[in-house]
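Here the structure is laid out as structure tokens; the discussion comes afterwards.
The values are calculated or read from the model by the stated rules, or taken from the named source; none is laboratory data. Not measured: the values here are computed from a predicted model. Cβ sites come from the backbone with ideal geometry, for glycine too, and all protein chains shown count toward neighbours. Just so you know, the surface numbers come from the protein's heavy atoms only, side chains and all, with ligands and any DNA or RNA stripped out. Shrake-Rupley method; radii C 1.70, N 1.55, O 1.52, S 1.80 Å.
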Amino acid sequence: MSKESNLILAIETSCDETSAAVIKDGKEICSNIVASQIKSHMRFGGVVPEIASRHHVEQITQCIEEAMKEANVTYEELSGVAVTEGPGLVGALLIGVNAAKAIAFAHQLPLIPVNHMAGHIYANRLIEPLTFPLLALVVSGGHTELVYMEKDGDYQIIGETRDDASGEAYDKVGRVLGLTYPGGKRIDEMAKMGSDTFHFPRGMIKENNYDFSFSGLKSAFINTVHNAEQKGETLNQFDLAASFQASVIDVLVSKTLKAIHEYPVKQLVLAGGVAANHGLRAELTNRMNQEFPSIRLSIPPLSLCGDNAAMIGAAAYVAFNSGKFSGYDLNAKPGLSFEMMK
């Protein structure tokens, strides 16, 4: 590997995936190792923080070794070490932070802290260039945000959820339907076989802002199911899934397009775990082609929608070029937000 290349070892342990990657020049994936814990958490119906932390301890060293081996690089060739500092589960984050600090100290490399949500946005740079100003629709298990970016590393939240994030709503509705964790993927599959017959509410869709709310939708869904159960009625599960998903997608897409009407964006990027939802990807693509054909829409491949270290490395490249490094006192920041980065 040419010494002129910028090579960053990135580590991600914010939740239930242990991942390590080597990224070249912020846009080329040399390796991206991901060890998922989904099967371990499935029987509990959600992520158990203590179990997640233990898995990270068991897997972090092997993931890093595999990432370095697959990329065929040595520590002497690295330009820096990046790690997710937040947001996420504090115990899980600490595993990655301490691993990164140890490597940075041992090999005298710059230590680069990365916001996990910024990583989701920059996953798009791994597939194509980013053109500013841009708008990012960030949708994950714990976050639903519209982020306006005038330039690299500049994050302005113009809209966010007031209660449940879209991913949380999917998981809670999945449990009501008796689906195994994570329920979002299964609801997406079921929605293809049903119709929007229940017409659930579209939270805040007509309000003059870019904020979101999914608690009303969640409550309407649960009440509909419970009322039917009390009456001894059987509801079509595929129609329930399709109706729920139609509401979520309608709100997400409508609010996003409303923001594009006001902000002078050249590109729209979809980011986060919920970006893997086929219904959302299809509707956003369709509406953008109809209403904003001149604005480029970027949607990461499914492999880069979930938590992974490659996206952390892509975001770290921006911080590296700006000289935004951390000392060995770096700590986990479970409640880290874009505002805290300013």
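Worth a mention:
- Flag if Ala242 is at pLDDT 95 or above, open to solvent by less than 60 Å² (accessible area, probe 1.4 Å) and over 20 Å from Val138 (Cα atoms): yes
- Filtered by the rule that a residue be within 18 Å of Ala35 (Cβ to Cβ) and open to solvent by 10 Å² or more (accessible area, probe 1.4 Å), segment 89-102 gives Leu89, Gly91, Leu94, Ile95, Asn98, Ala99.
- The one condition in (1) hydroxyl-bearing (Ser, Thr, Tyr); (2) farther than 23 Å from Lys206 by Cα; (3) in a helix (DSSP H, G or I) that Thr234 fails to fulfil: (3)
- Verdict on Ser219 being open to solvent by 40 Å² or more (accessible area, probe 1.4 Å) and hydroxyl-bearing (Ser, Thr, Tyr): yes
- Taken as a whole, segment 283-297 holds at least one residue that is assigned to a helix (DSSP H, G or I) and either modelled with pLDDT under 95 or within 19 Å of Ala123 (Cα to Cα) (or both).
- Here segment 142-167 is the region considered, the condition is being charged (D, E, K, R) and buried (at least 21 other Cβ atoms within 10 Å of the Cβ), and the residue that is farthest from Glu229 (Cα to Cα) is Glu145.
- Pairs where the first residue, in segment 181-210, is farther than 22 Å from Arg162 by Cβ and the second is open to solvent by 60 Å² or more (accessible area, probe 1.4 Å), C-beta under 6 Å, 6+ apart: Tyr181/Met42; Asp188/His278; Met190/Phe238; Met193/Phe238; Gly194/Phe238
- Of all residues in segment 27-56 being touching a helix residue (DSSP H, G or I) at 6+ places or on another chain (Cβ under 7 Å) and at pLDDT 95 or above, the one that is surrounded by the fewest Cβ atoms within 10 Å (Cβ to Cβ): Lys27
- In segment 300-329, residue surrounded by the most Cβ atoms within 10 Å (Cβ to Cβ) [restricted to those that are part of a loop (DSSP other than H, G, I, E, B) and free of Cβ contacts under 8 Å to residues at least 60 places away in the same chain]: Gly323
- The set of residues in segment 169-181 that are touching a Phe, Trp or Tyr at 6+ places or on another chain (Cβ under 9 Å) and either open to solvent by 50 Å² or more (accessible area, probe 1.4 Å) or closer than 15 Å to His143 by Cβ (or both) comprises Ala169, Tyr170, Asp171, Lys172, Arg175.
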